[in-house]
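Worksheet: one structure, shown below.
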Amino acid sequence: MASASVQQRLTFPVRKSYPRSVKAKENISTCEVKICSSPKRKLFTEGHVESSPEKRKKDVNASPSTLLSGLKVTTKKLTPVQLFPPNVNSYKLARRALHSGMPERLQCREKEVSTLNEFLQKTIKKNKPGSLYISGPPGTGKTASLTKVLEKIDNKECEHVWINCMALKSTSAIYEEIGRGFNIKFPNTVERAMQTSLEELFTSKGKMLLVILDELDQLSSKYQSTLYSLFEYPALEGSRLVLVGISNALDLTDRLLPRLQAKLMAKSRPQLLNFAPYTKQQLVTIINERLSEACTESNEVVIKPAAVQLLSVKIASVAGDARKALDIARRAIDIAEGEARKQTTLRATSDDGSNPNSPRKNRPGAPVKCVDPVLIMKVFNQVYGSYVTSDQISGSNDDGFPVQQKLLLCALLVFTKFSKQREPTVGKMHGVYGQICKRRNITPVDQSEFWSLCELLESRGFLNVKKNKSEVRMSKVSLRVDEQEISSVLQDKTLVASIMDEARTLKL
């Protein structure tokens, strides 16, 4: 048996029954068991040395819990990471800086402001009457420049009233509005009686009176009697009136008031001041000046310089309207911010969680998505119309008339022909315009851009707009031209005819 296999001796403790007084050590004896292993096992059992009793005792007493307690676990410190939301603070700062309201510093209108200062110095400061007519396209800084100059005028030197003629119900209502501004109560509301009361006011003794009439062309009437009477007030003997009129039309005094050019009316002839459209370089200066204000709080670039250049070139070629340029820039920032809000970034942070009071505003966010020339062009086409979309409707772009403006004029023409409202509100007009766009698979512009289109068409002589002081959507719009003129101007009789055919199915 020794040749066939190898005998292996295993020992394990066996407990015998003894009285309790005997120690536990003495209770244990050894029992021997012989196990025959196969020849294959011989290779692993040869040379085996039996362990000592003390070592065997340690092996027996070893348990999983005692083995685990002896393990040494080493940990490696990991870099903490976190999902950070995008940082949109830069967009907010840029959008706030590109507002279309009164800026702190008026750019590129130093010459015009100087002329206004000189006029008010020689009239109000020297107690002499006079009149000034300010002309220029929308968004060229007429109102902003005059407002800046008036801030330096002391109220003790003169009383002034600012009237927007667009809000008047009729041309004769201007007399009542002037009297209300100077706290004059007319005994009679007949036009001739109000004119006489104002003559007495302007020729009486007292400090100088300044009347500013914005949108002066709205006072145009058949014989222009209202405009003539207003410009004649400063020429009265002993008059203390300084009259300033503001309008978009460059030739209003020559075209509507030719009598003022006569020698006998030389005293009534107003001084002229024209605000030219902003050039490309002037628009670049204005936009960069505004963006530099935002960069003082945030060093991140929101609009790329190439995008500013493209926007300035496009606006200068269309109208030179600084307000329109600022509106398009803000709209582009809104779109870029919307895309940025969809992004989240996984980044390592220095805060390992041990500082729970670490401010979130100091943590890094997603990189700022800049406004590029592609986005500027997209918004520009939405405001002024896209030649590509125009081609899809008319089949040609020879007329160069933007499709959004075409559809706006057609929507107003529908109101004029098929509705009792000859002067619909901007809100209702936008609803009908949206229906027309939907039937032609064209994306309509929102109400703010729709209002910009109305102002643009007004400057081109197609519309009359009566602005509402409280809400823009309640402003009223009316046509200056008829259907035949619209068809000839748009050079697209097919489009006008198709919209007229479906007009009865529209919800007016």
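The values are calculated or read from the model by the stated rules, or taken from the named source; none is laboratory data. Note that the coordinates shown come from a computational prediction; the quantities given were computed from them, not determined experimentally. Note that each Cβ is placed from the backbone with ideal geometry, even for glycine, and that neighbours are counted across all protein chains shown. Please note that ligands, DNA and RNA were not included when accessible areas were found on the heavy atoms of the full protein model with its side chains. Shrake-Rupley method; radii C 1.70, N 1.55, O 1.52, S 1.80 Å.
Tabulated results
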| quantity | calculated |
| --- | --- |
| Count of region 109-166 residues which are β-branched (V, I, T) and over 12 Å from M208 (Cα atoms) | 8 |
| Region 172-182: number of residues that are out of contact with any Asp or Glu (no Cβ under 8 Å at 6 or more places or on another chain) and open to solvent by less than 40 Å² (accessible area, probe 1.4 Å) | 5 |
| Residue in region 217-232 that is hydrophobic (A, V, I, L, M, F, W, C), touching a Pro at 6+ places or on another chain (Cβ under 8 Å) and under 25 Å from L146 (Cα atoms) present | yes |
| Matching residues, region 190-228, being in a helix (DSSP H, G or I), within 20 Å of N155 (Cα to Cα) and open to solvent by 50 Å² or more (accessible area, probe 1.4 Å) | T203 |
| Counted residues, region 131-180 - those being closer than 26 Å to R192 by Cα and part of a helix (DSSP H, G or I) | 11 |
| Residue within region 407-420 that is outside any helix (DSSP H, G or I), modelled with pLDDT under 80 and either β-branched (V, I, T) or surrounded by fewer than 17 Cβ atoms within 10 Å (Cβ to Cβ) (or both) present | yes |
| Members of region 236-254 found to be modelled with pLDDT under 90 and open to solvent by 10 Å² or more (accessible area, probe 1.4 Å), listed by number | N248, A249, L250, D251, D254 |
| S390 being at pLDDT below 80 and open to solvent by 30 Å² or more (accessible area, probe 1.4 Å) | no |
| Hits in region 423-433 - residues which are of a type outside the set (S, T, N, Q) and open to solvent by 20 Å² or more (accessible area, probe 1.4 Å) | E423, K428, H430, G431 |
| Breaking point among (1) within 13 Å of V383 (Cβ to Cβ); (2) free of Cβ contacts under 8 Å to residues at least 40 places away in the same chain; (3) not in a helix (DSSP H, G or I), for V445 | (2) |
| Every residue from region 450-476 that is open to solvent by 20 Å² or more (accessible area, probe 1.4 Å) and either among the acidic types (D, E) or in a strand (DSSP E or B) (or both) | E455, E458, N464, K466, E471, K476 |
| Residue, farthest from the chain's Cα centre (by Cα), within region 120-137, restricted to residues that are open to solvent by less than 30 Å² (accessible area, probe 1.4 Å) and under 30 Å from A325 (Cα atoms) | L132 |
| Single unsatisfied condition, V149 versus (1) modelled with pLDDT under 90; (2) open to solvent by less than 20 Å² (accessible area, probe 1.4 Å) | (1) |
| Scope region 163-183; condition at pLDDT 90 or above and either aliphatic (A, V, I, L, M) or in contact with a helix residue (DSSP H, G or I) (Cβ under 8 Å, 6 or more places away or on another chain) (or both); matching residues | I163, A173, I174, Y175, E176, I178, G179, F182 |
| Condition check for E159: over 30 Å from E104 (Cα atoms), of a type outside the set (A, V, I, L, M, F, W, C) and open to solvent by 60 Å² or more (accessible area, probe 1.4 Å) | no |
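Residue by residue, here is whether (1) acidic (D, E); (2) surrounded by 19 or more Cβ atoms within 10 Å (Cβ to Cβ); (3) closer than 20 Å to D334 by Cβ holds:
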site	(1), (2), (3)
S268	no, yes, no
F275	no, yes, no
N299	no, no, no
I303	no, yes, yes
A306	no, no, yes
